[in-house]
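The values are calculated or read from the model by the stated rules, or taken from the named source; none is laboratory data. Everything numeric here is computed off the predicted structure, so don't read it as measured data. When we count neighbours, we look across all protein chains shown, and the Cβ atoms used for this are built from the backbone with ideal geometry, even at glycine.
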Amino acid sequence: MSRLRFGAFLAPFHTPGDSPNLALHRDLELISRLDELGFDEAWVGEHHSTGWETIASPEIFLAVAAERTRSIRLGTGAVSLPYHHPLMVADRIVLLDHLTRGRVMFGVGPGGHLSDALMLGLDPSDLRPRMAEAIEVIVRLFQETEPFSVTADWFEMRDAVLQLRPYSDPYPPLAFTSMESPAGMQLAGRYGAGVLSLAVAKGPRGPVDLAAHWRIAEEVAAENGTAVSRADWRLAIPVYVAPTRREALEDVRAGAAAYVIDYAEAITGRTRPFSGPREQIVDRMVEAGSWIIGTPDDAVAAIERLQERSGGFGGLLIWANEWTTREKILRSYELIARHVVPRFQGALDGIFASEAIARTKSTEMNAARTLAVEKAQERFEAEHGD
């Protein structure tokens, strides 16, 4: 890809016991800081249970974030479509599209936690079919001005039309979440939409085959007469950098282990990718290419390996984990902005080219400078001599 976009993915993850109010405001401050550092985008999730992920409405959260930022694009990552009436979702997204004047991106999914679905009395096996039903209606509402009616087994619409049309043309960029199952890739192919791959790590069937997942999107797109672009494919992965590799690993060792064991395994029921002591988890995940922890140069090399492994993608989203101190987390984002992002966006090409030209001519320029000074001195002496 010619230009890799960089952003953050805020589920978010906050260890229970910390002030939830302060945690939410830290998330807003982080997006503001990313905007200042020139990151391209930030995505915010929707969750209703577990005690760790506490943003219930990404639309409301992003409306506040939009007022505190200038250029960063803001995405729902993702709206859990089976939990909402499609007309209500379409109306909220179009309103946010107008309020941000086109900075919003519309990420959708079936729901991040089964505990959310069970609390709502939903059968987990119904979530993906409902998501497919909902997005079909939402896209029609975005595009059509002729009222239409729909009767489904979980919602109904009569002579529905959006009174406020999308600000973006034809509507905010659409992206589907994708983890281990092919459902997200299939829907992306059907609608010619983007993808948020939230599972780069080892899954229950082994390491996620990113290239195979993308082929699903391409094949379904071909069947439906649409097209998907790798430029609209984003991979989300934990990333943390420090001046030295040892410091980076030690900074996050305890926090990363707590996330895997105390949250992912104990709360959501996901089997840990690797067995062994807690203190070895971060090293094993880095070795497997599931996380990027190290120096800025380590991050560059790891991203290049991900590009090769996947066949190419358009965006890298950093999981907004709080695995170390606030100061060190913000330092990591700054190091990424200064030393990693430019390597993948062509920002240094002209810098290095100009430096190389000057280097090859340094001896010649020094001689010319010396000669110019000598001539200036001679002119001065000629004009002011005794």
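If you go through region 303-321 and keep only what is among the aromatic types (Phe, Trp, Tyr) and under 18 Å from LEU34 (Cα atoms), you end up with just TRP319.
Within region 330-386, no residue satisfies the criterion of being in contact (Cβ under 8 Å) with a residue 60 or more places away in the chain and not assigned by TED's automatic domain parsing to the domain that holds ALA42.
I'd like the full set of residues that are hydrophobic (A, V, I, L, M, F, W, C) and either at positive phi or not in a loop (DSSP other than H, G, I, E, B) (or both), limited to region 45-62. Hits for region 45-62 are ILE60, PHE61, LEU62.
Considering only residues in region 96-148 that are of a type outside the set (Gly, Ala, Ser) and in contact with a His (Cβ under 7 Å, 6 or more places away or on another chain), the one that is modelled with the lowest pLDDT turns out to be HIS113. When the residues of region 274-330 are filtered to those that are among the small types (Gly, Ala, Ser) and over 21 Å from the mean Cα position of the chain (by Cα), which remaining residue is modelled with the lowest pLDDT? The qualifying residue modelled with the lowest pLDDT is SER275. On the stretch given as region 24-64, residues that are free of Cβ contacts under 8 Å to residues at least 60 places away in the same chain and farther than 17 Å from ARG234 by Cβ total 16. Taken over region 92-109, the criterion of being surrounded by fewer than 22 Cβ atoms within 10 Å (Cβ to Cβ), outside any helix (DSSP H, G or I) and not hydroxyl-bearing (Ser, Thr, Tyr) is satisfied by ARG101, GLY102. Screening ALA65, ALA23, ALA42, ALA78 for residues that are crowded, with 20+ Cβ neighbours inside 10 Å, in a helix (DSSP H, G or I), out of contact with any Cys (no Cβ under 8 Å at 6 or more places or on another chain) and small (Gly, Ala, Ser) leaves exactly one candidate, ALA65. Consider ARG73 carefully, then state whether it is over 22 Å from VAL340 (Cα atoms) and at pLDDT 95 or above. Spelling it out, it is not the case that ARG73 is over 22 Å from VAL340 (Cα atoms) and at pLDDT 95 or above.
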